[in-house]
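Accompanying notes for the structure given below.
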Amino acid sequence: MSGMYFSGYDRALTVFSPDGRLYQVEYAMEPVRKGWTTVGVRVNEGVAMVAEKKSASPLVDVSATEKIMFIDRHVAASYAGISSDARILVDQARVFAQAHRITYDEEADVESITRKIGDTLQAYTQHGGVRPFGVALLVGGVSHGTPALFLTDSSGAYSGYKATAIGMFDQAINDYLREHYSPTQTVEEAALLALRAMLKAQSEAQQTPVVLDPEKLEVGFARQSTRLFVRLSEADVSTLLDKIQEGSPNMEEKK
Amino acid sequence: MTTVVGIKTQGGVVLASDKRASKGFFIASKEAQKIFKIDEFTASAIAGQVSDAEYLVHLVQAQRRLIELERGYKPSVFETTRLIANSAYSGLRNYAPFLAEFIVAGIDTEPRLYSTDVSGAISPETFVSNGSGSPIAYGVLESTYKDTMDIKQVEAVAREAVKAAMQRDPGSGDGLEVLVITAGGSR
């Protein structure tokens with residue numbers, strides 16, 4: 001950015017500023033703030049993930065872009081920020097998950113996987129000659145029968161969440177989630193909650209009612225009962241969107 | 001030790017095994033598992049050093065999951081066999097061979113049956129047997145198998161082949177295990 005004031009503490013990564021900040025790591029979170037929105041909601045029944053993929057051009061086939069990426073059959077990750085950075089982290093997480101299976105004959109739990117991703121992220125804030133990852137990952141799934149949702153960012157820090165959003169309009173979405181979250185919702189209701197939050201945040205920001213396009217959305221569920229993460233088809237996303245339009249906040253429908 | 005049999009037909013593939021695990025002249029287990037599902041449509045029957053065989057089965061399961069995640073679709077039965085064979089071959093070339101043989105059976109576009117061994121060589125088969133009881137099992141297979149048989153008949157042949165081997169091979173016995181893979185899945 002032109003005219004920006006550089007104090008000298010944002011040139012080399014590993015240098016702290018006098019007030020204890022790592023500017024490069026903070027800058028790395030900027031593409032996350034501007035990135036495509038991803039929302040995760042954890043309820044007693046499982047975890048729901050909703051991710052948006054907007055395209056720069058109508059000629060881009062967004063169906064070829066994966067925003068909810070499987071790490072193993074019971075865990076998946078979604079991201080906001082630089083997609084290629086996310087892919088590298090997910091590739092590593094996949095290898096970790098399978099190595100865990102070979103070593104222990106057990107599924108890796110969601111927190112272990114998130115911590116492993118966080119370790120890589122942290123290393124890139126400390127070593128020389130590298131830049132930090134411009135991405136935040138939302139990791140959701142089932143750990144030995146317990147639903148789990150974690151978020152890790154460019155700094156490598158991670159924490160567990162009941163519900164959270166990253167990317168564009170994250171503040172507004174988080175406000176909505178705080179107000180309407182309940183752990184007794186079904187995963188489908190949790191996904192609807194995430195979709196409503198996105199819809200409201202976008203409509204408010206653009207000051208006009210927004211319509212969500214099922215082609216540009218990905219929805220995934222991890223159910224405690226099956227211990228599997230499942231990604232919905234475009235048709236199923238469509239049906240889910242239809243239920244939003246009906247609008248009633250306490251819905252009973254279940255598959 | 002061991003007898004394992006695999007037979008392929010139009011409607012599917014069948015794997016059969018005994019349940020004896022031996023330590024020399026001692027029966028170490030009467031409930032050994034020798035048929036491993038790799039996924040709903042792929043399975044392997046093992047013979048030889050149990051630890052080596054189980055390790056390679058676990059390894060190929062992990063490799064397959066990674067391949068599926070990375071490229072978006074499952075490896076074929078042949079690719080699965082090739083992954084096992086690659087590990088076996090590199091073991092052989094590094095003076096640390098995996099002392100095991102594998103019958104890999106499954107359905108992708110059609111029923112498939114392959115056999116691979118310590119050397120990493122792969123051979124496609126219509127019927128095959130491995131283990132110490134295999135000469136006896138082959139006697140039954142060669143005399144009763146016909147290429148006009150359906151999956152039910154072929155399953156019966158596989159059972160008889162392993163039963164015959166359990167009668168006369170001291171390395172095989174203690175019960176029969178059968179896995180049938182058809183387009184509807186495996187049971």
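Couple of notes before you dig in:
- Selected residue (criterion: nearest to the other protein chains (Cβ to nearest Cβ)) from residues of the range A:95-128 that are in a helix (DSSP H, G or I) and open to solvent by less than 10 Å² (accessible area, probe 1.4 Å): A:Gln98
- Among the residues making up the range A:44-81, those that are within 14 Å of chain B (Cβ to nearest Cβ) and modelled with pLDDT of 95 or more are A:Ile68, A:Met69, A:Phe70, A:Ile71, A:Asp72, A:Arg73, A:His74, A:Val75, A:Ala76, A:Ala77.
- Take the conditions (1) farther than 14 Å from A:Tyr176 by Cβ; (2) not in a loop (DSSP other than H, G, I, E, B); A:Ala205 misses just one of them, which is (1).
- For the range A:198-221, the criterion of being open to solvent by 40 Å² or more (accessible area, probe 1.4 Å), small (Gly, Ala, Ser) and at pLDDT 95 or above is satisfied by no residue at all.
- Matching residues in the range A:44-56 - criterion: being open to solvent by less than 40 Å² (accessible area, probe 1.4 Å) and either free of Cβ contacts under 8 Å to residues at least 24 places away in the same chain or closer than 30 Å to A:Ala99 by Cα (or both): A:Gly46, A:Val47, A:Ala48, A:Met49, A:Val50, A:Ala51
- Condition met for B:Tyr114 (modelled with pLDDT of 95 or more and surrounded by 21 or more Cβ atoms within 10 Å (Cβ to Cβ)): yes
- Candidate set: the range B:165-187, residues that are open to solvent by 30 Å² or more (accessible area, probe 1.4 Å) and among the hydrophobic types (A, V, I, L, M, F, W, C); chosen: the one nearest to the chain's Cα centre (by Cα): B:Val178
Rundown of residues vs (1) open to solvent by 20 Å² or more (accessible area, probe 1.4 Å); (2) of a type in the set (A, V, I, L, M), yes/no style:
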{"residue": "A:Ala136", "(1), (2)": "no, yes"}
{"residue": "A:Gly141", "(1), (2)": "no, no"}
{"residue": "A:Leu151", "(1), (2)": "yes, yes"}
{"residue": "A:Thr164", "(1), (2)": "no, no"}
{"residue": "A:Phe169", "(1), (2)": "yes, no"}
{"residue": "A:Asn174", "(1), (2)": "yes, no"}
{"residue": "A:Tyr181", "(1), (2)": "yes, no"}
{"residue": "A:Gln185", "(1), (2)": "yes, no"}
{"residue": "A:Ala191", "(1), (2)": "no, yes"}
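- Condition met for A:Ser84 (open to solvent by less than 40 Å² (accessible area, probe 1.4 Å) and more than 11 Å from every other protein chain (Cβ to nearest Cβ)): no
- Summed over the range A:29-43, residues that are over 14 Å from A:Tyr79 (Cα atoms) and open to solvent by 10 Å² or more (accessible area, probe 1.4 Å) total 1.
- Residue in the range A:59-80 that is free of Cβ contacts under 8 Å to residues at least 24 places away in the same chain and buried (at least 18 other Cβ atoms within 10 Å of the Cβ) present: yes
- Qualifying residue in the range A:137-145 (condition: among the polar types (S, T, N, Q), away from chain B (no Cβ under 14 Å) and under 30 Å from B:Glu54 (Cβ atoms)): yes
- Single condition B:Val60 does not satisfy, out of (1) more than 14 Å from chain A (Cβ to nearest Cβ); (2) without any contact (Cβ under 8 Å) to a residue 60 or more places away in the chain; (3) surrounded by 23 or more Cβ atoms within 10 Å (Cβ to Cβ): (1)
- Taken over the range B:39-57, the residue count meeting the criterion of being more than 13 Å from chain A (Cβ to nearest Cβ), touching a helix residue (DSSP H, G or I) at 6+ places or on another chain (Cβ under 9 Å) and closer than 20 Å to B:Ala88 by Cβ is 5.
The values are calculated or read from the model by the stated rules, or taken from the named source; none is laboratory data. All of these numbers come straight from a predicted model, not from anything done at the bench. Virtual Cβ from ideal backbone geometry, glycine too; neighbours counted across all protein chains shown. The accessibility values were calculated without ligands, DNA or RNA, using every heavy atom of the protein model including side chains. Shrake-Rupley method; radii C 1.70, N 1.55, O 1.52, S 1.80 Å.
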